[in-house]
1. Could you tell me which residue of the stretch B:12-26 is farthest from B:Ile211 (Cα to Cα), considering only residues that are within 22 Å of the chain's Cα centre (by Cα) and surrounded by 13 or more Cβ atoms within 10 Å (Cβ to Cβ)?
2. Return the residue satisfying two criteria in turn: it lies in the stretch B:54-68 and is more than 14 Å from chain A (Cβ to nearest Cβ) and crowded, with 19+ Cβ neighbours inside 10 Å, and of such residues it is modelled with the highest pLDDT.
3. Picking from A:Phe246, A:Phe274, which residue would you name as being among the hydrophobic types (A, V, I, L, M, F, W, C), surrounded by fewer than 16 Cβ atoms within 10 Å (Cβ to Cβ) and farther than 30 Å from A:Asp43 by Cβ?
4. If you check A:Ile217, A:Ile168, A:Ile147, A:Ile197, which single one turns out to be more than 21 Å from A:Thr123 (Cβ to Cβ) and surrounded by 13 or more Cβ atoms within 10 Å (Cβ to Cβ)?
5. Inside the stretch B:80-93, can you point out the residues that are under 15 Å from B:Cys153 (Cβ atoms) and either more than 9 Å from chain A (Cβ to nearest Cβ) or in contact with a helix residue (DSSP H, G or I) (Cβ under 6 Å, 6 or more places away or on another chain) (or both)?
6. Which one is nearest to the other protein chains (Cβ to nearest Cβ), of the residues in the stretch B:94-105 that are of a type in the set (A, V, I, L, M) and surrounded by 24 or more Cβ atoms within 10 Å (Cβ to Cβ)?
7. Only one residue in B:Asp179, B:Asp173 is in contact with a Gly (Cβ under 7 Å, 6 or more places away or on another chain) and more than 14 Å from chain A (Cβ to nearest Cβ), so which one is that?
8. Give the residue that is farthest from B:Phe92 (Cα to Cα), with candidates limited to residues of the stretch B:116-138 that are away from every other protein chain (no Cβ under 13 Å) and among the hydrophobic types (A, V, I, L, M, F, W, C).
Amino acid sequence: MLNNYLLIAIRNLIRQKGYSFINIIGLALGISAAMFIFIWVADEVSMNRFHLNTDRIYRVEQDQDYDGKTYHVNVTPYPSGEGWKKEIPEIETTVRATQTGALLTKYGEKAFYENGIACVDSTFLQVFTFPLLKGDPNTALREPYSIVLTPEMALKYFGTDDPIGKVIILDNKYNFKVTGLLKKLPVNTSLRFDFLIPFDFTRTTGAYVDHWGSNNIYTFAMLYKEADPGPVDSKLTECVRNNIDFTGSDRDPSQWKTKFMLAPLKKMYLHEYFGFGHPAGRIQRVIIFSMIGIFILLIAAINYMNLSTARSSRRSREIGLRKAFGSRRGQLIMQFLGESVVTSIAAMVISVVIIGLLLDPFRLVSGKQISADILLTGNFILGMIGMTLITAIIAGIYPSLYLSGFKPMAILTGDPGDSKGKGWFRKVLVVFQFSISIFLISSTLFIFRQVSYMQNRDLGYNQKDLLYVRLFGDLNTRYSALKQAIKGNPDIITVSAGIHLPMNIGSNSGSISWDGKSPDLHPLVSVSRVDYNYSALIQVPIIAGRDFSEEFSSDMYNPETSSGGMLINESLAKIIGREDIIGMNISFSGVTGPVVGVIRDFHFLSMRTEIPPLVLFLFPESRMRYMMIRLRPGERGPMIEKLRTTWNSVIPGYPFEYSFIEDDYDQVYQNETRSGSLMAYFTVMAILIACLGLIGLSSFMAERRTREIAVRKTFGSSNWEIVLSMVTQFTKLVLTGVAIAIPFTWYYLHEWLKDYAYRTTLSWWVFVLPALLALALATLMVSLQAIRASKTNPAVSLRHQ
Amino acid sequence: MIQTIELTKVFRTDEVETTALNKVSLWIKKGEFAAIMGPSGCGKSTLLTLLGLLDNPTSGQLIFDGKEVSKYSEKQRTLLRKSNIGFVFQSFNLIDELNVFENIELPLLYQKVPVANRKKMTEEVMERMSISHRRKHFPQQLSGGQQQRVAICRAVVGNPLLILADEPTGNLDSANGEDVMNLLKQLNSEGTSIVMVTHSPKDASYAGRIIKLFDGHLVAETE
């Protein structure tokens, strides 16, 4: 019996080449798109789950309170990790981790700036499953100045030599001995690093802040196997409350509302968020793309459903016959499901080829490190088989129920009952396909529109021709000399420096106070430290007071008296709300001093957030991390060459590595751009599949209407009228799809926009353009079939019937 | 063998009610060859679908091999049908995707006949109907007469008690038609009951009894 079903299925596929092509290619595209999304989602979901102790590792995070608004922070104080471990019995151990920032790293003649140097507690290699190829994980990080590295770094510095025992020099002065060689890090870790060094190095560099109120580093806690994590959150908070030093703060300890909490490591990547509000994080993208995958598969399955049921009159004889000879309905259902399985398997084979061909572009667009080897992994093969069977069932179940329901007497009357209203379901499905397609096109267009809006909105400062050089390690000690050396250069308009780039001032603090401040007011204020001429450099106007100036020595931060002048932005001035703001004293972030000027607000964070209040301090060169230079407009090449020459004469031996701020700015919206591009690709696939379906369905309709067309022509209809009548039949469906898609799309985009403080408007063309596109495509596809149908000779088709 | 008592079939659409068969009572005996005649639309085909258990009557009784079956569910009818009734159609109704052997074998598949028997029975009937040489051919490769021969093979391969034939010569030229009628006659003489719907008085002359229908009524029976 099974043989018989298979035989019919395969012979049907071969005989109906056109339909088989549409069905197989459509399903293959659908399966490929869904598999790409599956690969992507599986990769996202598997993040950080490979650690043997993953179920009992947590990152400590906190909710801070600013005037009733919750601000979520993923970093913790330096000393709290050790305190928690001592005081909370559920905690087996804690691991602190932080990055050093880029450091010049040398071995012999080889010297590179390295960004991936992590300072971690010696427990790191016991808590996390990052196995060593060489060295002992229990002791590798115990000695000061020991260093553990990845195989990539070992190769980079030592070639094929054994790295163990070799000495690497960091920042030109610290000698680190290699004590461990890691195995290559798995791709699905969100904790990434090239080197591990002991956490105490942060004390050596002076980064360590021995204050329980300053949050700078990650702390991970591993609980005992049987421990209940429930009560730990309040114990974390209590421990910090008991240790925090409230002197010098205007906050009453009883008013301190910060809450610490354990965030599971396995959720860390997908659910991570930061800042005010509760943006949904990566999990939202995972859900959206999973939905898109399901939608695309559905669109492909609908093609199959529509083509199989539309062609049912061709099968009605066979069905009637089988029933007459004793087939039960269940047997027929199995037979038709078998056909969709055979079709889907054929589609699967093609989709393996499609996936193989598109893997490179996918890797590029998605930013995932996925190699071709994945095609041979058990998970992929299982996923592929699963996806194929699911597709076969979704695509096959409706046709098989529908076809098997024909009355056996159809064989005598030749009427499968199809004409009596069942066609409406096919129409519903076509409408559904187009609704989804339009939703996808509109959303993609809109995401790009929002990204472009954010990228092109006036930032409040001028990015153009603004070049920067990172002052790695001790390079900042040469900053003044450099500044002097390029002073006379006519290419250069302004030079300044800061510890942040103007597009990303990520530090903030809640410890602000001034005379007359309401005790209930606790704004979270961003902070940066800059050199003279910073506001002139980025071209942000001073709207009150003056800029930092060398004429006023009190402007400069004085570590002995913890005092210095401040530039504040408009937002902070508004919060303070006083007329006589210039010259008034503010205490902030451990510094007390007068406001010397107010600068206009500028976007120093992404447009997702509103511009926060900001304080700029004037700090000496030893604290600067970026030297920034505004070039005159014009050809950059020669100007940069001149700069390089000056650089090499002042700091010989250090490579001159520069970037332009406007080039880096695109990175700020990389997530949105990436999601948008991925979505664009999947949208194209969805539309392609939907169009294939239309070709199939309209060619079938044309075939079925041969006699009608012949009769119409006999009685004088023109070819054009026939084409028109067929095209309107389908355009009605597309327009219905548009009408249904618009409200849903509008609602979705409206919700999506809520995550952005600065957003573009939902303009009409975002909906009209996709609608026109869908309409044009549908008209084109159907016309091709209709024109062919209208050209048949009526005499021939009438005789035929 | 099969008896109908006031058998009635009404078709309803939204607006129209058509009585295709009106209180028809008749009795087909075992081993009989009956022909049903009448003008187009008189209810011949409807009667055949009811006799063939392809549909249920609106009212009246249908007694098949001693059992009242008019209220049977589709499942019960299928069970009864597959081992007792064979069909021959005017338009042959062979499955295009199956070859001659596979088409003939089809009823046996549904009767769950074991492979070896199935093969044997199919071979036998092909031999008997002289179509063995075409076993690998597909329906499109056969002449109309040959196709109907295959259809008859398929109808008899499971040794049914009754063969229902719906204008079996309607699509054939006279030589092929005669050929088919002779085959049916031969089957009847071997003991199979046959009920045949036909327009052709010549075909009807092969039958032992002619039942005439008009507008859904039974109007005459001639031996």
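The values are calculated or read from the model by the stated rules, or taken from the named source; none is laboratory data. Model, not experiment: these values are computed from the prediction. Every residue, glycine as well, gets a Cβ built from its backbone with ideal geometry; the counts of neighbours run over all protein chains shown.
1. The first filter runs over the stretch B:12-26 and keeps only residues within 22 Å of the chain's Cα centre (by Cα), leaving B:20-26.
Subset that is surrounded by 13 or more Cβ atoms within 10 Å (Cβ to Cβ): B:20-24, B:26.
Details: B:Ala20: 16, B:Leu21: 14, B:Asn22: 15, B:Lys23: 14, B:Val24: 11, B:Leu26: 9 Å.
So the residue we want is B:Ala20.
2. B:Leu62
3. Values: A:Phe274 fails: farther than 30 Å from A:Asp43 by Cβ.
Residue meeting the stated conditions: A:Phe246.
4. Numbers: A:Ile217 fails: more than 21 Å from A:Thr123 (Cβ to Cβ); A:Ile147 fails: more than 21 Å from A:Thr123 (Cβ to Cβ); A:Ile197 fails: more than 21 Å from A:Thr123 (Cβ to Cβ).
That would be A:Ile168, the only listed residue that is more than 21 Å from A:Thr123 (Cβ to Cβ) and surrounded by 13 or more Cβ atoms within 10 Å (Cβ to Cβ).
5. If we filter the stretch B:80-93 for residues that are under 15 Å from B:Cys153 (Cβ atoms), which is where we start, we get B:86-89, B:92-93.
Matches in the stretch B:80-93: B:Gly86, B:Phe87, B:Val88, B:Phe92, B:Asn93.
6. Going residue by residue through the stretch B:94-105, those that are of a type in the set (A, V, I, L, M) are B:94-95, B:98, B:100, B:104.
Adding the requirement that they be surrounded by 24 or more Cβ atoms within 10 Å (Cβ to Cβ) leaves B:94, B:100, B:104.
Working: B:Leu94: 8, B:Val100: 14, B:Ile104: 11 Å.
In this case the residue turns out to be B:Leu94.
7. Selected residue: B:Asp179, the only one of B:Asp179, B:Asp173 that is in contact with a Gly (Cβ under 7 Å, 6 or more places away or on another chain) and more than 14 Å from chain A (Cβ to nearest Cβ).
8. By that ranking, first place goes to B:Ala116.
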